Every structure is written in structure tokens, then in C-alpha cells.
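Everything on this sheet refers to the single structure shown next.
Where a number appears in this text, it was derived from the coordinates with a stated rule and is not lab data. Not measured: the values here are computed from a predicted model. Cβ placement follows ideal geometry from the backbone for every residue including glycine, while neighbour counts extend to all protein chains displayed.
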Amino acid sequence: MAKHEKRFLKNYESKASEYLNDKEKASHLLKKAMKKADKKAIGDVWGNLQLLFSILGDWTSGKYRTIPVKSILMIIGGILYFVSPVDAITDFIPVVGLLDDATIIGLVFRQVSSDLTLYKEWKQKEFLQE
């Protein structure tokens, strides 16, 4: 794991823990992130980000709880990083400003990939039951 990624984990995991017991705060974060994602072109990361939004939305609503605390902390931390205008490379710099966001979203996605696979399977079953 790169030095920048280690710093991310340390800084944002403690911030993310504030959202674990405050579903309203987590829901507000999700709305803010979705609004930012709609305004920014983030290329290949778009699908990964949408999946992270989906799992966080289902977790905050109480529909999906089969995810380890460490993984949901990682997801919340990644989304916090994404919405933060002050990160490694400021978002005000066109294209380059979103590069670090894409890197962190990719890191989060890789770190929780097995949990996301289980979530996608659950989501598919949920869809078929409707």
C-alpha cells in the first residue's frame, strides 16, 4: 500500500466512524456525494462509485446490514474523501483534481471487493423477489 493510501486510511477512517451511529448524517453525505458525482466526469470510476453509493444507501436505510464495520468505514471514508474539496489534489484543478479521488475510490473498491460481491448477489436476489 502506497504512503498516500496509508494516510488516507488513517485520516478518513476516524472521520468515517462519526457516521456509523448517525444514519441521517450518513444519508446527507451520500446525497452530497451523488450531487458532486453528477457534476463531475470521473470516467471508469463511475460504476464503482455508483456501487459504493448503492451499498451505503441500503446500509443507512437498514435494508442491508451484512457488511463488516471495517468495510462500511472504508466506504464512508472513501466517499468523505470524494466530497472533500481539500484533498491531495484540489478538485478545482480540472481533470487532475479528480485523479486522486479516482485513485482513492479504486483503493476502497479493491479493499472491500469481496463485500461488494456479496452485496451485488444480495441486490440481485432482492430485485428478483420484487
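In table form, for the structure just shown:
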quantity	calculated
Filter on K15/K125; K32/K63; K35/K125; K31/K120; K70/K123; K63/K125 - keep pairs with C-alpha separation over 24 Å	K15/K125; K35/K125
Whole-Hz ³J(HN,Hα) from phi, Karplus 6.51 cos²θ - 1.76 cosθ + 1.60, for segment 11-27, glycine and proline x	5, 8, 5, 5, 5, 5, 4, 5, 8, 4, 9, 10, 5, 5, 5, 5, 5
By average C-beta atoms within 10 angstrom, highest first, the peptides 61-71, 111-121, 15-25, 46-56	46-56, 111-121, 15-25, 61-71
